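The values are calculated or read from the model by the stated rules, or taken from the named source; none is laboratory data. Computed from a predicted model, the values in this text were never measured in an experiment. Cβ coordinates were reconstructed from backbone atoms using ideal geometry, including for glycine residues, and neighbour counts include every protein chain displayed. The protein model used for the area step is the full one, side chains on, heavy atoms only, and it has no ligands, DNA or RNA in it. Shrake-Rupley method; radii C 1.70, N 1.55, O 1.52, S 1.80 Å.
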Amino acid sequence: MKKITVAVDGYSSCGKSTVAKALAKQVGYVYVDSGAMYRCVTLYCQQKNLISAEGVVEEVKLKSLLPQIKIEFVNNAETGKADTYLNGENVESEIRSLKVSNHVSIVAAIPFVREALVGMQQAMGKAKGVVMDGRDIGTTVFPDAELKLFMTASAEIRAQRRYLELKEKGQEEPFEAILENVKQRDYLDEHREVSPLRKAEDAIVLDNGELTPEQQNEIVLKLFMEKAED
Ligand code: CDP
């Protein structure tokens, strides 16, 4: 078996992280949630009042403060999962809130933010043996990834999943607000100028609208084995 790079891209809330985490665990790879990094920069903007309620970002200030933003993934012994830390604080739950989701695609469209985070992501995957999920992993971050997946499902199915996920965490929000957020982020992610969300030419499309997590994990593990075999 050779060590490869796995890129998992696709629309918001379509189960990318479920697939990517499960695969990384099964094959002993490092999992990196690139969306969590964009969410951290967004939360930082909100903490420092660098973004207005309408989503206007004070870009000059953000650019000067960007080198001070430290993002880490730290294993949580209790849950067995990695938590996201922003400047030493566990923000795993906060970065998933609708408040952050409502501004993240605006912050993620800023070219200097993307440049900085893409650089960090490439450094994390330098040694291969990594599964990374996001929007531009197969196109921009790791264009040479051996296995590229592009995941999709209808907006309604994705919003329903996110609704249940937030509810389980005690962050219940109206379904309509979540559906609106999913659609708006899809639009912003697909239409931004720098590395818009699109399928890499050599990516395999996985519509998981009708698949259980077990079924999709099985399909992905099979694809991985084919690519990682010497
Ligand atoms: O969890 P969900 O799939 O809804 O989103 P996420 O993966 O946490 O990503 C949040 C947002 O960050 C996306 O809607 C994009 O605007 C941005 N993002 C990006 O631009 N590029 C990436 N590689 C990952 C996320």
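Okay, here's what the table says:
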quantity	calculated
So GLY119, is it within 13 Å of the ligand (Cβ to nearest atom) and free of Cβ contacts under 8 Å to residues at least 24 places away in the same chain	yes
The stretch 132-153 residues that are of a type in the set (S, T, N, Q), paired with ones that are in a helix (DSSP H, G or I) (beta carbon under 8 Å, 6 or more apart)	THR140/VAL118
Conditions (1) of a type in the set (A, V, I, L, M); (2) open to solvent by 60 Å² or more (accessible area, probe 1.4 Å); (3) more than 29 Å from ALA177 (Cβ to Cβ); number of the one not met by VAL56	(3)
Some residue of the stretch 1-10 being within 16 Å of the ligand (Cβ to nearest atom), touching a residue at least 24 places away in the same chain (Cβ under 8 Å), closer than 28 Å to GLU229 by Cα and small (Gly, Ala, Ser)	yes
Pair list, Cβ < 6 Å and 6+ apart or interchain, from the stretch 185-210 residues that are over 20 Å from ALA145 (Cα atoms) and among the polar types (S, T, N, Q) to residues that are more than 9 Å from the ligand (Cβ to nearest atom) and part of a loop (DSSP other than H, G, I, E, B)	ASN208/ALA153
Flag for THR84 being in a strand (DSSP E or B), under 22 Å from LEU166 (Cβ atoms) and within 16 Å of the ligand (Cβ to nearest atom)	yes
Residue ID - farthest from VAL113 (Cα to Cα), chosen from residues in the stretch 30-47 that are open to solvent by 10 Å² or more (accessible area, probe 1.4 Å) and out of contact with any Leu (no Cβ under 7 Å at 6 or more places or on another chain)	VAL30
Residue count, the stretch 124-151 (criterion: within 12 Å of the ligand (Cβ to nearest atom), open to solvent by less than 10 Å² (accessible area, probe 1.4 Å) and out of contact with any Phe, Trp or Tyr (no Cβ under 9 Å at 6 or more places or on another chain))	3
Unmet requirement for VAL182, which otherwise passes all of (1) loosely packed, with under 15 Cβ neighbours inside 10 Å; (2) within 13 Å of the ligand (Cβ to nearest atom); (3) part of a helix (DSSP H, G or I); (4) in contact (Cβ under 8 Å) with a residue 60 or more places away in the chain	(1)
Residues of the stretch 1-22 that turn out to be surrounded by fewer than 23 Cβ atoms within 10 Å (Cβ to Cβ) and of a type in the set (A, V, I, L, M, F, W, C), as a count	3
